[in-house]
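Here is the structure we will look at, set down as C-alpha coordinates.
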Amino acid sequence: TRATWPASQFRLTPHLRMQPHTMKKRTLLGLLAATPLLLAGCGGAADSNNANVRLVNASAGYASVDLYVDDELTISGVGFGVASGYTGVNSDTVTTVLTSHGSTTELLAQTRTLSAGVDYSIVSYGWEGAIRSVILTEDESAADSGKTKVSVLNTAGDAGSLDVYLTG
(Lines give C-alpha, C1' and ligand atoms only; values in the text may rest on other atoms or scores of the structure.)
Protein backbone atom coordinates (compact mmCIF):
# COMPACT_ATOMS: atom_id res chain seq x y z
CA THR A 1 0.00 0.00 0.00
CA ARG A 2 1.38 3.40 -0.92
CA ALA A 3 0.29 6.79 0.40
CA THR A 4 1.46 10.41 0.51
CA TRP A 5 1.30 12.49 3.71
CA PRO A 6 2.70 15.80 4.91
CA ALA A 7 6.15 15.00 6.31
CA SER A 8 5.49 16.95 9.52
CA GLN A 9 2.56 14.65 10.40
CA PHE A 10 4.18 11.30 9.72
CA ARG A 11 4.48 8.70 12.43
CA LEU A 12 4.21 4.93 11.89
CA THR A 13 2.38 3.04 14.61
CA PRO A 14 1.78 -0.69 14.15
CA HIS A 15 -1.55 -1.79 15.55
CA LEU A 16 -1.69 -5.51 16.14
CA ARG A 17 -4.95 -7.29 16.87
CA MET A 18 -3.45 -9.38 19.65
CA GLN A 19 -3.83 -9.70 23.38
CA PRO A 20 -1.34 -7.69 25.47
CA HIS A 21 2.12 -9.25 25.78
CA THR A 22 1.52 -11.91 23.12
CA MET A 23 3.79 -10.47 20.43
CA LYS A 24 6.81 -12.66 19.96
CA LYS A 25 10.24 -11.06 20.06
CA ARG A 26 10.98 -12.32 16.54
CA THR A 27 7.77 -10.71 15.24
CA LEU A 28 8.83 -7.37 16.66
CA LEU A 29 12.35 -7.75 15.22
CA GLY A 30 10.90 -8.53 11.80
CA LEU A 31 8.78 -5.40 11.88
CA LEU A 32 11.67 -3.24 13.04
CA ALA A 33 14.03 -4.67 10.44
CA ALA A 34 11.79 -3.44 7.63
CA THR A 35 12.41 0.15 8.76
CA PRO A 36 15.27 0.78 6.29
CA LEU A 37 12.92 -0.10 3.46
CA LEU A 38 10.51 2.53 4.74
CA LEU A 39 13.15 5.19 5.20
CA ALA A 40 15.66 4.60 2.42
CA GLY A 41 15.48 6.93 -0.53
CA CYS A 42 14.25 5.93 -3.94
CA GLY A 43 16.22 6.12 -7.15
CA GLY A 44 19.15 4.15 -8.41
CA ALA A 45 22.08 4.32 -10.76
CA ALA A 46 21.76 6.13 -14.07
CA ASP A 47 22.84 3.33 -16.47
CA SER A 48 19.73 2.47 -18.49
CA ASN A 49 21.35 -0.72 -19.92
CA ASN A 50 21.45 -2.36 -16.49
CA ALA A 51 18.95 -3.13 -13.77
CA ASN A 52 19.71 -1.42 -10.46
CA VAL A 53 19.55 -3.62 -7.37
CA ARG A 54 19.92 -2.99 -3.66
CA LEU A 55 19.73 -5.43 -0.76
CA VAL A 56 17.75 -4.86 2.45
CA ASN A 57 18.66 -7.23 5.31
CA ALA A 58 15.51 -7.71 7.41
CA SER A 59 16.60 -11.18 8.55
CA ALA A 60 17.30 -11.17 12.29
CA GLY A 61 18.95 -14.57 11.95
CA TYR A 62 21.84 -13.18 9.91
CA ALA A 63 23.93 -10.28 11.20
CA SER A 64 25.28 -9.55 7.72
CA VAL A 65 24.49 -10.96 4.27
CA ASP A 66 26.01 -10.91 0.79
CA LEU A 67 24.24 -10.97 -2.58
CA TYR A 68 25.64 -12.83 -5.56
CA VAL A 69 24.18 -12.29 -9.03
CA ASP A 70 25.11 -14.97 -11.55
CA ASP A 71 27.97 -16.23 -9.35
CA GLU A 72 29.49 -12.75 -8.93
CA LEU A 73 29.63 -11.06 -5.51
CA THR A 74 27.53 -7.96 -6.16
CA ILE A 75 26.65 -6.54 -2.75
CA SER A 76 28.67 -7.40 0.35
CA GLY A 77 28.22 -7.09 4.10
CA VAL A 78 24.70 -5.69 4.47
CA GLY A 79 23.99 -5.65 8.21
CA PHE A 80 20.69 -6.49 9.86
CA GLY A 81 18.33 -3.53 9.56
CA VAL A 82 20.39 -1.91 6.78
CA ALA A 83 19.71 -1.20 3.09
CA SER A 84 22.66 -1.17 0.69
CA GLY A 85 23.07 1.37 -2.05
CA TYR A 86 21.99 0.49 -5.58
CA THR A 87 24.39 -1.27 -7.92
CA GLY A 88 24.02 -2.01 -11.63
CA VAL A 89 23.62 -5.63 -12.74
CA ASN A 90 22.88 -7.27 -16.07
CA SER A 91 19.28 -6.94 -17.12
CA ASP A 92 18.17 -10.45 -18.00
CA THR A 93 17.09 -13.62 -16.27
CA VAL A 94 19.62 -13.99 -13.46
CA THR A 95 20.26 -16.22 -10.47
CA THR A 96 20.51 -14.40 -7.15
CA VAL A 97 22.12 -16.08 -4.15
CA LEU A 98 22.13 -14.91 -0.54
CA THR A 99 24.99 -15.98 1.74
CA SER A 100 26.16 -15.07 5.22
CA HIS A 101 28.76 -12.34 4.87
CA GLY A 102 32.12 -13.80 3.90
CA SER A 103 30.75 -17.28 3.17
CA THR A 104 30.07 -18.92 -0.17
CA THR A 105 27.53 -21.36 1.27
CA GLU A 106 24.16 -20.64 -0.33
CA LEU A 107 21.37 -19.74 2.05
CA LEU A 108 18.85 -19.07 -0.73
CA ALA A 109 19.10 -19.18 -4.53
CA GLN A 110 16.37 -17.78 -6.79
CA THR A 111 15.92 -17.07 -10.48
CA ARG A 112 14.67 -13.56 -11.25
CA THR A 113 14.02 -11.55 -14.37
CA LEU A 114 15.40 -8.01 -14.20
CA SER A 115 14.61 -5.26 -16.69
CA ALA A 116 17.01 -2.56 -17.91
CA GLY A 117 16.63 0.84 -16.28
CA VAL A 118 14.49 -0.48 -13.42
CA ASP A 119 15.35 -0.15 -9.71
CA TYR A 120 14.78 -3.20 -7.50
CA SER A 121 15.04 -3.89 -3.77
CA ILE A 122 15.71 -7.46 -2.72
CA VAL A 123 14.51 -7.83 0.88
CA SER A 124 15.91 -10.78 2.84
CA TYR A 125 13.86 -11.80 5.85
CA GLY A 126 13.18 -14.77 8.08
CA TRP A 127 15.22 -16.59 10.68
CA GLU A 128 18.46 -18.50 10.78
CA GLY A 129 17.99 -21.60 8.65
CA ALA A 130 14.76 -20.25 7.14
CA ILE A 131 15.78 -17.16 5.15
CA ARG A 132 13.47 -15.91 2.41
CA SER A 133 13.49 -12.96 0.06
CA VAL A 134 11.11 -10.86 -1.95
CA ILE A 135 11.95 -8.50 -4.79
CA LEU A 136 10.23 -5.14 -5.04
CA THR A 137 10.15 -2.86 -8.06
CA GLU A 138 11.00 0.66 -6.93
CA ASP A 139 8.95 2.67 -9.38
CA GLU A 140 7.73 5.53 -7.22
CA SER A 141 8.36 9.12 -8.19
CA ALA A 142 9.68 11.53 -5.59
CA ALA A 143 7.19 12.92 -3.07
CA ASP A 144 5.86 16.43 -3.52
CA SER A 145 7.65 19.17 -1.59
CA GLY A 146 6.81 18.98 2.13
CA LYS A 147 5.44 15.44 1.80
CA THR A 148 6.82 11.94 2.22
CA LYS A 149 5.98 8.56 0.70
CA VAL A 150 5.99 5.34 2.67
CA SER A 151 5.95 1.71 1.56
CA VAL A 152 5.15 -0.94 4.14
CA LEU A 153 6.21 -4.58 3.78
CA ASN A 154 5.13 -7.03 6.49
CA THR A 155 7.87 -9.66 6.66
CA ALA A 156 6.68 -10.93 10.04
CA GLY A 157 4.37 -13.70 8.85
CA ASP A 158 3.40 -14.72 12.37
CA ALA A 159 2.21 -11.19 13.19
CA GLY A 160 -0.93 -11.51 11.08
CA SER A 161 -2.55 -8.43 9.62
CA LEU A 162 -1.16 -5.06 10.60
CA ASP A 163 -2.72 -1.61 10.56
CA VAL A 164 -0.72 1.55 9.85
CA TYR A 165 -2.02 4.80 11.30
CA LEU A 166 -1.26 8.44 10.55
CA THR A 167 -1.18 10.33 13.83
CA GLY A 168 -0.33 13.86 14.83
*Is the shape of region 99-168 rounded, prolate or oblate, going by the alpha carbon gyration tensor and its root eigenvalues a ≥ b ≥ c, with a/c under 1.5 for rounded and a/b larger than b/c for prolate?*
oblate
*May I ask you to derive the FRET efficiency for Ser64 and Ser151 from their Cβ-Cβ distance with R0 = 25 Å, giving the value to the nearest 0.05?*
0.60
*Based on the mean of other beta carbon atoms within 10 Å per residue, what is the order of 134-140, 102-108, 73-79, most packed first?*
73-79, 134-140, 102-108
*Which ³J(HN,Hα) values, rounded to whole Hz and listed in residue order, are derived for region 96-104 from phi using the Karplus coefficients 6.51, -1.76 and 1.60 in 6.51 cos²θ - 1.76 cosθ + 1.60 with θ = phi - 60°, glycine and proline given as x?*
9, 10, 9, 9, 5, 4, x, 10, 9
_Ignoring ligands, DNA and RNA, please state the percent of accessible area on region 62-135 from carbon and sulfur, probe 1.4 Å._
43
_Spin-label pair Ala143/Asp92, simplified geometry with 7 Å Cα→Cβ offset, distance in nm_ = 3.9
*Please give, to one decimal in nm, the separation of the simple spin-label points placed at Glu72 and Ser115, each 7 Å out from Cα toward the Cβ.*
2.3
*Rounded to whole Hz and in sequence order, give me ³J(HN,Hα) for region 134-140 from the Karplus expression 6.51 cos²θ - 1.76 cosθ + 1.60, θ = phi - 60°, writing x for Gly and Pro.*
9, 10, 10, 8, 8, 10, 7
_If each residue of separation counts as 0.36 nm, what is the full-extension length gain between Val134 and Thr104 once their alpha-carbon separation is subtracted?_
8.7 nm
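The values are calculated or read from the model by the stated rules, or taken from the named source; none is laboratory data. Note that this is a predicted model, so its numbers are computed, not measured. Note that each Cβ is placed from the backbone with ideal geometry, even for glycine, and that neighbours are counted across all protein chains shown. Remember, those area values only see protein heavy atoms, side chains included, never the ligands or the DNA or RNA. Shrake-Rupley method; radii C 1.70, N 1.55, O 1.52, S 1.80 Å.
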